[in-house]
C-alpha cells in the first residue's frame, strides 16, 4: 500500500497504529507526545512507565486505549546538534523501527508524524526527506498504508533550493490570471525512447506483447519511436500501461511501487476490463516510467486528459517533468506544500 501526506490531528486518525514521538524516558512533557497521552487516557502512561526507558532511535509498542488506533508505537527521536552526532542515522532508525513494529503486529495502516521537527530542532526539510526516503524503502518490501501526518504548515518545509526553482517556474508559467494561454497541452515533441527487453507479468494469462516483431522495430537513435507507433487510441489503459512497462524493462511490481499505487489498485487495473484511470493515476505511472513532459502529454491525451498551464497542479507536474523529478513521493510533498491534491489516488 502507498504513502499519503495528510494534514490532520494524528490523535483522531482511524488506523491500526499511530507513532508517538517521545523521549528516552517515555514520559510526556509537551507537544504531540502530551497530546497523544491526553487523548489516550491514563492507561497509556501506566503502560509506558511499565516499559521504562528506551534509547534514541528505538521504538516500543503499547495498546492505544481510547484512541481510534489499535496501537501506539513510541519512538525517541534525536535532538539536532548540527548533524555531526549521527542524528540522521538515529532519525532513520526511528522510522524504520516504528514501521517494522507495525508490520510485526500485523498492522495494515500506520500514521507517522515528522519526528524531531519540533522542540528537538531538526530542520523540517531534512526531516521530510528522511521520512519520505525511509518510508519509501519500507514500502518497496512490504504492503502497508502509511500516512505521513502534518498538523499545520509551520511543521512542514521544503528545501529553499527546491522551493525557489518551483516558485520561479510557477511565476513564469501559471496562467490562471492571464488572458492568453501558452498552450502547454500541445504535443511538444514525438515520444523518443530505445527498445527495452520485455518483462513478463506473473498471473497475466494473455498479456500482449509491447512489440509484435522486435526485429522490425529496433531503430537507431536517428529514428525515434513515436508513442503512436505502439500506443493505440482504441486500446485500454491497461494495455497501454503494460506495453510501456515492457518497453522500459521494468517489472510490474517495480512500476506500481514507484507509482505509489497499492496492490489492490494494481489488481483492479489488471482485472477490470472496463477500468478507466483518473488523471492522477495516469500521471503517477508516467512518473514511475520516467516519461518526459512530451511523452506524458501523449499518454494523457490517449486516455482523454491533458496538462494545462491554467492549473497550478498541472504546472507543478510540468516543472517536475522538465527537471527530471520522477519520485512520486517527493512530488507529493511539493504538491502538498502548495495546498494541492497529492498524486495518491485509490483508483
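For region 87-121, filtering for residues that are out of contact with any strand residue (DSSP E or B) (no Cβ under 9 Å at 6 or more places or on another chain) and modelled with pLDDT under 95 leaves 2. Can you pull out the residues in region 252-305 that are in contact with a helix residue (DSSP H, G or I) (Cβ under 6 Å, 6 or more places away or on another chain), within 30 Å of residue 171 (Cα to Cα) and not in a helix (DSSP H, G or I)? The answer is 259, 260, 289, 303, 305. For region 259-289, residues that are surrounded by fewer than 15 Cβ atoms within 10 Å (Cβ to Cβ) and either in the same structural domain as residue 132 (by TED's automatic domain parsing) or at positive phi (or both) total 0.
Within region 1-118, considering only helices (runs of 4 or more DSSP H) that don't extend past its boundaries, which have at least 3 residues that are more than 29 Å from residue 330 (Cα to Cα) and either within 28 Å of the chain's Cα centre (by Cα) or outside the structural domain of residue 266 (by TED's automatic domain parsing) (or both)? Counting at least 3 such residues, we get 31-40, 42-51. Of everything listed in (1) assigned to a helix (DSSP H, G or I); (2) out of contact with any helix residue (DSSP H, G or I) (no Cβ under 9 Å at 6 or more places or on another chain), the single unmet condition for residue 310 is (1).
The values are calculated or read from the model by the stated rules, or taken from the named source; none is laboratory data. Since the structure is predicted, the reported quantities are computational estimates derived from the model, not experimental observations. Note that we place each Cβ from the backbone using ideal geometry, even for glycine, and neighbour counts take in every protein chain shown.
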